[in-house]
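Working notes, structure below.
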Amino acid sequence: MYRILIPVDTDPDRARGQAAFVEDLPTGAETIEVIVTHALPPEDVKDPGDPANLEAIETVTLAREYLTERDYDVTPATGRLPPADGILDLAEDHNVDHIVMGSRKRSPTGKVIFGSVSQQVLLESPVPVTIVGTRPA
């Protein structure tokens, strides 16, 4: 089983883009397990240790539903804060093979440096990290 971690933020189009990337992989849903978590700043998470909070995050639900409708095995997981550390911990805890991060549109200068969460995950991840764009509804 190939495990992919999708840490979503607050943008539905980015979450949809991350989920669509998984769907576009050249293998079937039966060979992939997806772990979905949030990559929200601390001020946007009331109680990061409460698993019920995952269901309250629109983008977590969107990514989970998008993939389960396409027969993927999806597991929601609560990450710790700060987000980059939580993503890296979840990747290790779930023994993931790949992390799929979303990206924002940036100016040419802004493209030189990813956001701090994406940059930290890219630099510290022991597994491949893919940065994907948005996919509108």
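The values are calculated or read from the model by the stated rules, or taken from the named source; none is laboratory data. No experiment lies behind these values; they were computed from the predicted model shown. Using ideal geometry, Cβ is built from the backbone for each residue, glycine included, and neighbour counts are taken over all protein chains shown.
Cβ-Cβ contacts under 8 Å between residues 6 or more apart (or on different chains), taken from a first residue in the range 13-36 that is within 16 Å of residue 96 (Cβ to Cβ) to a second residue that is acidic (Asp, Glu), are listed as 32/73; 33/73; 34/73. Selection within the range 82-137: residues that are modelled with pLDDT under 90 and of a type in the set (A, V, I, L, M, F, W, C). The member of this set that is surrounded by the fewest Cβ atoms within 10 Å (Cβ to Cβ) is 137.
Quick check: is even one residue across the range 49-69 at positive phi, in a loop (DSSP other than H, G, I, E, B) and modelled with pLDDT of 85 or more? Among the residues of the range 49-69, not one is at positive phi, in a loop (DSSP other than H, G, I, E, B) and modelled with pLDDT of 85 or more, which makes the answer no. Applying a threshold of 6 Å to beta carbon distances and a minimum spacing of six or more residues, or different chains, the list of pairs starting in the range 47-63 at a residue that is farther than 17 Å from residue 86 by Cβ and surrounded by 12 or more Cβ atoms within 10 Å (Cβ to Cβ) and ending at one that is modelled with pLDDT of 60 or more and not aliphatic (A, V, I, L, M) reads 62/12. From the list 28, 79, the one residue that fits, being modelled with pLDDT of 70 or more and more than 17 Å from residue 5 (Cβ to Cβ), is 28. Restricting the range 31-46 to residues that are surrounded by 15 or more Cβ atoms within 10 Å (Cβ to Cβ) and part of a loop (DSSP other than H, G, I, E, B), the residue that is modelled with the highest pLDDT is 39.
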